[in-house]
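Each remark here refers to the structure printed beneath this line.
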Amino acid sequence: MSINRRLFGTNGIRGVVNKELTPEMAVAVGAAIGTYFKGGKIIIGHDARTSSPMLTEAVISGLIATGCQVLNAGMAPTPALQYAVKSLKTDGGVIITASHNPPEYNGIKVLWHDGIEISREQEIEVENIFFEKKLNYSAWNRLGDAEFLTGILDNYIEAIKGHVNAAKIADKNFYAVVDAANSVAALTVPRLLRELGCRVTTINANIDGTFPGRPPEPRPENLRELSMAVKALHADFGVAFDGDGDRAIFVDDEGEVHWGDKTFALIVKYFLKNNQGEKIVTPVSSSMLVKDVADAFGGEVVWTKVGSVTVSHTMKRINAKLGGEENGGIFYGPHLAVRDGGMATALILDILAEEGRKLSEMLRKLPKYFIEKDKVDCPETLKHEVLKKLIEEVKEQNIITIDGVKIWFEDSSSILIRPSGTEPLYRLYAEAKTWERARELIQKYGIKIRELIDSLKSAATY
Ligand code: MG
């Protein structure tokens, strides 16, 4: 019927608690999910937010009402819940989390039986059930039930250890500082590292849904404390997580915070040494660094639209073993093709142990890029036309148009021009070997996109 109704955003259902996301709504969403899964076996779990237990109970009610057998795993990192769904072979899963959003937010993610979030097509089916109220409530004597599920964190930690050279890592006695964002990474990562023979100091490792230590998004400006701790303690590295533990940002032994595509490039390099010719999946927003490294070590980059679910689904479709995002999401297929902060940390440890060199030294050896960004206001109604006209203008150049348009130049510089999915604007993101060149690209294409918008605006007034 109506085309604009949407329940799911780019990362599940998100909203401010008791404003956009109420318990009543969560019951109905639970019932819609239960109807979609036809009363199957569903694992549910949640992050450390103040509202997570409330919303979990509400979703469980909806699931039971539609005949589901619910296994409540309680508080856990998102990737641990995803691994539980896959390894315990349930019909699906539900996670109550708002990942890196501020404390007043929460959200609902739905997992398919392989542990990966459901596709957009499947979301539309759940949305139709929800909006058209096609809820398949069970009779009083056919209700589902819920029981507690224990042990998923142990299984998850064991599985990760099985993908790295645990003995070699243990030999090195690495010293790590973990910033768990006062959330669920605290439940698994310090233990994983200690079981791998590391000495661990934690910060923000007490669970607190108000996020008193730092905002749950692991951006460099939020990680000064971690950076100082790594330096002061002479640790081998530091690692910081987002609110649900699926993204990891690393700090080297000199205290420098590295953005995700740099550590991803390092992982790509060592992965390709042992897996020649493999495909590396990453969104068009990732640095050219990833392609440079893949080219140099005999891999092939497969670009996708921006969004972790797209990366997961692309990996599944082409059977790729490694994916990554610039925001610190590492997807390791042999474990599970979803981003996983614990798995990412184990992979970095594996590289440190294998190479016997410092993280700062290895990251310094990667090609260097300078980045410049800009944004240009653009009315929603013109976004599509602007992109069409822009592609028309640049189509003779070396471009890809998977998500916005990315233009590559001979000198290894590039610019990505992309309409924002959430705000009325275009984002420009330039990368080059010199700062001057990155700036030149941002200025040139900033002018171009402003001219296009202006000409379309004035055309619209006639
Ligand atoms: Mg997250």
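The values are calculated or read from the model by the stated rules, or taken from the named source; none is laboratory data. What you see is a predicted model, and the numbers here were worked out from it, not measured in a lab. Every residue, glycine among them, receives a Cβ derived from its backbone with ideal geometry; neighbour counts consider all protein chains shown. Only protein heavy atoms, including side chains, enter the accessible area calculation; ligands, DNA and RNA are left aside. Shrake-Rupley method; radii C 1.70, N 1.55, O 1.52, S 1.80 Å.
Protection proxy ranking of 162-172, 258-268, 337-347, by the mean of other Cβ atoms within 10 Å over each peptide's residues and highest first, is 337-347, 258-268, 162-172.
Across the accessible surface of the chain, with the other protein chains kept in place and a 1.4 Å probe, carbon and sulfur atoms take up 51 percent. Taking packing as the residue-averaged number of other Cβ atoms within 10 angstrom, the listed peptides 447-454, 184-191, 211-218, 91-98 run from highest to lowest as 91-98, 184-191, 211-218, 447-454.
Ligands, DNA and RNA aside, THR50 has an accessible area near 100 Å² when probed at 1.4 Å. Rounded if a/c is under 1.5, else prolate if a/b is larger than b/c, else oblate: which is the stretch 2-150, with a ≥ b ≥ c the root eigenvalues of its Cα gyration tensor? Because its axes are fairly even, with a/c under 1.5, the stretch 2-150 counts as rounded. Remark: accessible surface ordering of HIS113, HIS313, HIS384, HIS46 (largest first) is HIS384, HIS113, HIS313, HIS46, probe radius 1.4 Å.
In the chain, Cα pairs under 8 Å separated by at least six residues give a relative contact order of 12 percent.
Site pair GLN276 and GLU20 shows an inter-label distance of 5.0 nm when each label is modelled 7 Å from Cα along Cα→Cβ. For a paramagnetic label modelled on ARG5 (point 7 Å from Cα along Cα→Cβ), amide N atoms under 13 Å away belong, within the stretch 106-136, to 124-135. Of all DSSP bridge pairs formed entirely within the chain, close to 55 percent run antiparallel. Every Cα-Cα pair in the chain was counted, and those over 27 Å apart are 56% of them. When you count the other C-beta atoms within 10 angstrom of each residue and take the mean per peptide, 407-416, 173-182 line up highest first as 173-182, 407-416.
Annotation: the antiparallel percentage among DSSP beta bridges lying fully within the stretch 42-123 is about 35.
Computed extension length for ILE207-GLU300: 29.4 nm, one decimal, from 0.36 nm per residue of separation with the Cα-Cα distance subtracted.
Here LYS375 is the anchor, and the aspartates and glutamates within straight C-alpha reach of less than 18 Å, apart from those fewer than 8 places off in the same chain, are GLU385, ASP403, GLU423, GLU431, GLU440, GLU451, ASP454. Placing dummy labels 7 Å off each Cα toward the beta-carbon, the span from PHE131 to THR50 is 3.3 nm. Per residue, the chain reaches -12500 deg cm²/dmol at 222 nm when only DSSP H runs of four or more residues are counted, each adding -39500 (n - 2.57). Only protein heavy atoms count here; on that basis, with a 1.4 Å probe, MET54 has an accessible area of about 70 Å².
For the stretch 38-116, trypsin sites (Lys or Arg not before Pro) meeting the loop criterion (DSSP other than H, G, I, E, B) and having at most 11 other Cβ atoms within 10 Å: LYS38, LYS89.
Take the chain with all the other protein chains still there, run a 1.4 Å probe, and you get 42 Å² of accessible area per residue.
Potential lengthening of the chain between ASP377 and SER119 amounts to 89.9 nm, from the contour at 0.36 nm per residue minus the alpha-carbon distance.
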